[in-house]
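**Q** Quick one: structure below, then a few questions.
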Amino acid sequence: GLPFLVKIPALVASFVFLFCLEACLWVRNFRLKRRLPGPFAWPVVGNAMQLGQMPHITFAKLAKKYGNVYQIRLGCSDIVVLNGDRAIREALILHSTEFAGRPNFVSFQAVSGGKSMTFTNYSKQWKMHRKIAQSTIRAFSSANSQTKKAFEQQVVAEATELVEIFLKLSAQGQYFNPAHELTVAAANVICALCFGKRYGHDDVEFRALLQKLDKFGETIGAGSLVDVMPWLQSFPNPVRSMFNNFKDLNQEFFGFVHNKVEEHRDTFDPEVTRDMSDAIIGVIDKVDSDNGLTKGHTEGTVSDLIGAGLDTVSTAIHWILLLLAKHPEIQTKLHELLDKVVGRNRLPSVDDRSSLAYLDAFIYETMRFTSFVPITIPHSTTSDVTIEGLHIPKDTVVFINQWSVNHEPPEGSLDKDLTNNVMIFSAGKRRCIGNQIAKVEIFLFFAILLHQCSFEKSAHEDLSLNCTYGLTLKPLNYKITATLRGELLKAVWSQQSSNLPRLIYLPMC
Ligand code: HEM
């Protein structure tokens, strides 16, 4: 009997320990659990196994059962999911500050050496950082007619080069996968803005870097497991391998940006702002201020702009080409409109946009239908807040299901203008700062590709609308062929940096 008696204190201690642990967890979750509806969460994994291949669709289904604001649990994180136009606008617009945070996920800390604006929590310093990024974009794309023209010329030149490449890849009726050339083209637009330099489509190193960056959104998208189950990093498993790749690609990308920014620092002239890197160096490196931003934030900002402007724009055009090839009758209508408005002797330009409303409608419908950024980058609450009568405590992770907004049955009359209601750039304090340049860029690429080419799918292939999940939804690989419509029109490259506007940069204007 003695050995058993000896074990009793140990057993009691274990019970007490487990009881305390459970009590702590219960107290921690009490405030959330009591107030928010949501599905039953299993121990350890929570609802992770229920997300499925397309979490945004699962979230929309759960909203039918639990309402537009509900709670799930992923690993050790309680997460609030917001669905539908009304709840999302109430949160992001009426309570913009409360929903402006970002969670302190491990994956977020791996981006840009922790100096990113996009992946940093809400603070006074973050506000300054965002303002700098925002006014830099404006200064180089829409500040005045000269910057506007320079930006447009850049996109036009990139688009006409893309036309030539597509035609080469279609020689003798061959079919090709446009994905990678689209990424290079979108990367070139943003690299020209940031570094005053573009890269050839056959630049092997650049292509390799972009190929790796393609995987970025897999780890950063809502529902990524490494952030909510940190213990997955402690033993070999597929999530850990993916996360290690993610860290490597971020390091490599940050190194690439760092080298370019260093070159700019070496040749910096305060009188001449050559490109966005110079502009950002001018405000972050060179201005002594107490906002806490350091040199590393210069690289952080440049990486943010390149990263954000790359995957999104190329994914948009990737979907557009797929839908064009899938719907030849719409393509014919678009061709006829372009020929009527623009004619065959010149390329379409931004000035034609108001006469080409059907093109914009096609772009918006592609954005609405695919909702290719289905859930925004995860948010977190900066203080306690109440949405649709439901209380959400400070520091709660929030997923914002944009897809659900775009797939709600429209209210009221169907002929009201729906284009403004497409939600893909988010809203509130974290809304995309690149939406204006993205729209111009997508419009020009689309209009020029379509003016110059017809796109066709192979008769043997039925183009699938299925996609891969991540921060962006990408179409599955598909092949098309391009045929020249009439005469090939070329744009001449503007003389890059010497033609860029000489701006004296005023960051806060
Ligand atoms: C079609 C193209 C694009 C789409 C659909 C898109 C969409 C988005 C979305 C959904 C977010 C997250 C908002 C949130 O977390 O609530 C975002 C953030 C952001 N976007 Fe875009 N974007 C596009 C193009 C661009 C471009 C071209 C740039 C810059 C050159 C850019 C720069 C940014 C930045 C810096 C952020 C982070 C904002 C922050 O955290 O405060 N985006 N974008």
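**Q** What ³J(HN,Hα) values, in whole Hz, does the Karplus curve 6.51 cos²θ - 1.76 cosθ + 1.60 give for the range 180-196 when θ = phi - 60°, with x put for Gly and Pro?
**A** With the stated coefficients, the range 180-196 comes to 6, 5, 5, 5, 4, 4, 5, 5, 5, 4, 6, 5, 4, 5, 7, 10, x Hz.
**Q** Here is a follow-up. Between rounded, prolate and oblate, where does the range 256-359 land on the alpha carbon gyration tensor, with a ≥ b ≥ c its root eigenvalues, rounded for a/c under 1.5, else prolate if a/b exceeds b/c? Numbers along the way, then the final one.
**A** Details: a/c = 3.66, a/b = 2.48, b/c = 1.48.
Taking the square roots of the gyration eigenvalues as a ≥ b ≥ c, the range 256-359 is prolate.
**Q** Ordered by residue, what ³J(HN,Hα) values in Hz, to whole numbers, does the range 380-395 give under the Karplus form 6.51 cos²θ - 1.76 cosθ + 1.60, where θ = phi - 60° and Gly and Pro are x?
**A** With coefficients 6.51, -1.76 and 1.60, one gets 9, 7, 8, 7, 4, 7, 10, 10, 6, x, 10, 8, 10, x, 4, 6 Hz.
**Q** Also: Which angle from 0 to 90°, rounded to the nearest 10, does the C-alpha axis of helix 357-370 make with the longest principal axis of the chain?
**A** Roughly 30 degrees, rounded to the nearest 10.
**Q** Same structure, new question: Helix 295-326 against the longest principal axis of the chain: what's the angle in degrees, Cα atoms only, rounded to the nearest 10?
**A** So the inclination is approximately 70 degrees.
**Q** Next question. Ranked highest first by the average count of other Cβ atoms within 10 Å around their residues, in what order do 105-115, 256-266 fall? Working shown, then result.
**A** Details: 105-115: 19.8, 256-266: 16.5.
Per-residue mean Cβ counts within 10 Å order the peptides as 105-115, 256-266.
**Q** Something else about it: Under a point spin-label approximation (7 Å from Cα along Cα-to-Cβ), what is the Asn435-Ser142 distance to one decimal in nm?
**A** Placing both labels 7 Å along Cα→Cβ, they lie 1.0 nm apart.
**Q** Rounded if a/c is under 1.5, else prolate if a/b is larger than b/c, else oblate: which is the range 151-210, with a ≥ b ≥ c the root eigenvalues of its Cα gyration tensor?
**A** It comes out oblate by the Cα gyration axes.
**Q** Then there is this: Straight-line reach only, C-alpha to C-alpha below 27 angstrom: list the lysines that Lys333 could link to, leaving out same-chain residues fewer than 8 apart.
**A** Output for Lys333: Lys168, Lys416, Lys439, Lys457, Lys474, Lys479, Lys490.
**Q** State, to one decimal in nm, how far the label point of Thr386 lies from the label point of Ala171, with both points 7 Å from Cα in the Cβ direction.
**A** Placing both labels 7 Å along Cα→Cβ, they lie 7.0 nm apart.
**Q** Taking a ≥ b ≥ c as the square roots of the Cα gyration tensor eigenvalues, with a/c under 1.5 meaning rounded and otherwise prolate when a/b beats b/c, else oblate, which class fits the range 36-498? Please report the intermediate quantities before stating the final value.
**A** Working: a/c = 1.61, a/b = 1.22, b/c = 1.32.
Oblate shape, in that a/c is at least 1.5 and b/c is the bigger or equal ratio.
**Q** Setting aside same-chain residues fewer than 8 positions from Lys64, which lysines have a Cα under 23 Å from its Cα?
**A** List returned: Lys33.
**Q** Counting pairs of alpha carbon atoms under 8 Å apart in space and at least six apart in sequence, what relative contact order in percent does the chain give? Write down the numbers at each step before the final one.
**A** Details: 764 pairs, mean separation 131.0, N = 509.
Worked out over the chain, it gives 26 percent.
**Q** Taking only the alpha-carbon positions of the range 270-327 and ignoring solvent, what does the Debye formula give for the base-10 log of I(q)/I(0) at q = 0.13, 0.14, 0.23 Å⁻¹?
**A** The Cα Debye sum returns log10 ratios of -0.50, -0.54, -0.89.
**Q** Between Glu461 and Val12, how high is the FRET efficiency from 1/(1 + (r/R0)^6) when r is the Cβ-Cβ distance and R₀ = 51 Å? Nearest 0.05. Before the final figure, lay out the partial values.
**A** Numbers: r = 68 Å, r/R0 = 1.34.
The value I calculate is 0.15.
**Q** Label points 7 Å out from Cα along the Cβ direction at Glu263 and Arg86: separation in nm?
**A** Between Glu263 and Arg86, the simple spin-label model gives 5.4 nm.
**Q** Just want to confirm a number: the relative contact order over the range 336-398, from Cα pairs under 8 angstrom separated by 6+ residues, in percent. Write out the running numbers ahead of the final one.
**A** Working: 39 pairs, mean separation 12.6, N = 63.
It comes to 20 percent, rounded to a whole number.
**Q** Ranked highest first by the average count of other Cβ atoms within 10 Å around their residues, in what order do 151-161, 421-431, 304-314 fall?
**A** Numbers: 151-161: 21.9, 421-431: 19.2, 304-314: 23.5.
Highest mean packing first, the order is 304-314, 151-161, 421-431.
**Q** In degrees from 0 to 90, rounded to the nearest 10, what is the angle of the helix 204-213 Cα long axis to the longest principal axis of the chain?
**A** On a 0 to 90 degree scale, this one is about 40.
**Q** Going 7 Å from the Cα of Asp203 in the Cα-to-Cβ direction, what parts of the range 164-187 have a backbone nitrogen less than 16 Å from that spot?
**A** Output list for this probe position: 181-187.
**Q** Would you kindly derive the ³J(HN,Hα) couplings of the range 89-106 from the backbone phi angles with the Karplus curve 6.51 cos²θ - 1.76 cosθ + 1.60 (θ = phi - 60°), listing them in order in whole Hz, with x for Gly and Pro?
**A** 5, 4, 6, 6, 9, 6, 10, 4, 5, 5, 9, 8, x, 10, x, 8, 5, 4
**Q** Beyond 17 Å, what share of the Cα-Cα pairs of the range 49-138 is found? Please give it as a whole percent.
**A** Details: 2545 of 4005 pairs.
The answer is 64 percent, as a whole percent.
**Q** How do the peptides 267-273, 165-171, 57-63 rank, highest first, by the average count of neighbouring beta carbon atoms within 10 Å per residue?
**A** Working: 267-273: 12.3, 165-171: 16.3, 57-63: 19.3.
With the highest mean Cβ count within 10 Å placed first, the list reads 57-63, 165-171, 267-273.
The numbers here are math on the coordinates, done by the rules we state, and not lab data. Since the structure is predicted, the reported quantities are computational estimates derived from the model, not experimental observations. Using ideal geometry, Cβ is built from the backbone for each residue, glycine included, and neighbour counts are taken over all protein chains shown.
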